[in-house]
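*Asks:* Dumping the structure here so I can ask a few things about it.
The values are calculated or read from the model by the stated rules, or taken from the named source; none is laboratory data. Worth saying up front: this structure is predicted, and the values here are computed from it rather than measured. No Cβ is skipped: glycine too gets one built from the backbone with ideal geometry, and neighbour counts run over all protein chains shown. Surface accessibility is based on the protein's heavy atoms, side chains included, excluding ligands, DNA and RNA. Shrake-Rupley method; radii C 1.70, N 1.55, O 1.52, S 1.80 Å.
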Amino acid sequence: MSEGMTIEQRAETIVSDFALFDDWIGRYEYLIELGGALTPIDEEHKTDEYRVRGCQSQVWLRPEVRDGLVFFAADSDAIITRGLVALLVKVFDGQTPAAIAGASMDFLEEIGMNEHLSSTRKNGLASMVNRIKDYATQLLSND
């Protein structure tokens, strides 16, 4: 995605991308593809500090602030979950803490995540979103 795009523009692109698929098999394959394209987090950062609690699989999410923007490195040991975290990185990477903290998550509903994910995956996705938003909120409170 373009670096100059807002979170809302990136979310709209995700909604459009998912609309290209006629069924959930294609959407799951797309999630797997997104996960496969995710640059893995360095092994040295696969620690409890960066582990996302509330996920059945192991998920790590490491923020880094550069020039006032938040960049994320992420990984998971499960292919669908890796795709979900890659989807979130695709939307939030390179954005300001204020934009991340205030972002709507409606796009996840629009692409059907709430109705097509198992309850454990939904909980894990919610935990990832909360972790991203918590990072942003912490950064804002430190200013």
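*Asks:* Where in the chain are the DSSP H helices whose alpha-carbon span along the long axis reaches 27 Å or more and whose Kyte-Doolittle mean is at least -1.0?
*Replies:* 119-142
*Asks:* Next question. Under 20 Å from the 7 Å Cα→Cβ point of Tyr28, by amide nitrogen: which residues of segment 85-124?
*Replies:* 85-88, 108-124
*Asks:* I would also like to ask the following. Note down the magnitude of the dipole of segment 26-140 about its Cα centre, charges +1 on Lys and Arg C-beta and -1 on Asp and Glu C-beta and zero elsewhere, to the nearest 20 debye.
*Replies:* Using only the charged Cβ atoms, the result is roughly 220 debye.
*Asks:* Once a ≥ b ≥ c are taken as the square roots of the eigenvalues of the Cα gyration tensor of the chain, is the result rounded (a/c under 1.5), prolate (a/b larger than b/c) or oblate (a/b not larger than b/c)?
*Replies:* oblate
*Asks:* Okay, moving on. Given Cα pairs under 8 Å that are at least 6 residues apart, what percent is the relative contact order of the chain?
*Replies:* It rounds to 27 percent for the chain.
*Asks:* Moving on. As I understand it, the dipole of the chain uses +1 on the Cβ of Lys and Arg and -1 on the Cβ of Asp and Glu, about the Cα centre. Which of Thr137, Ala74, Pro97 lies farthest toward its positive end?
*Replies:* Result: Thr137, furthest along the dipole toward the positive end.
*Asks:* Express the carbon and sulfur contribution to the solvent-accessible surface of the chain as a percent, rounded to the nearest whole number, probe 1.4 angstrom.
*Replies:* 47
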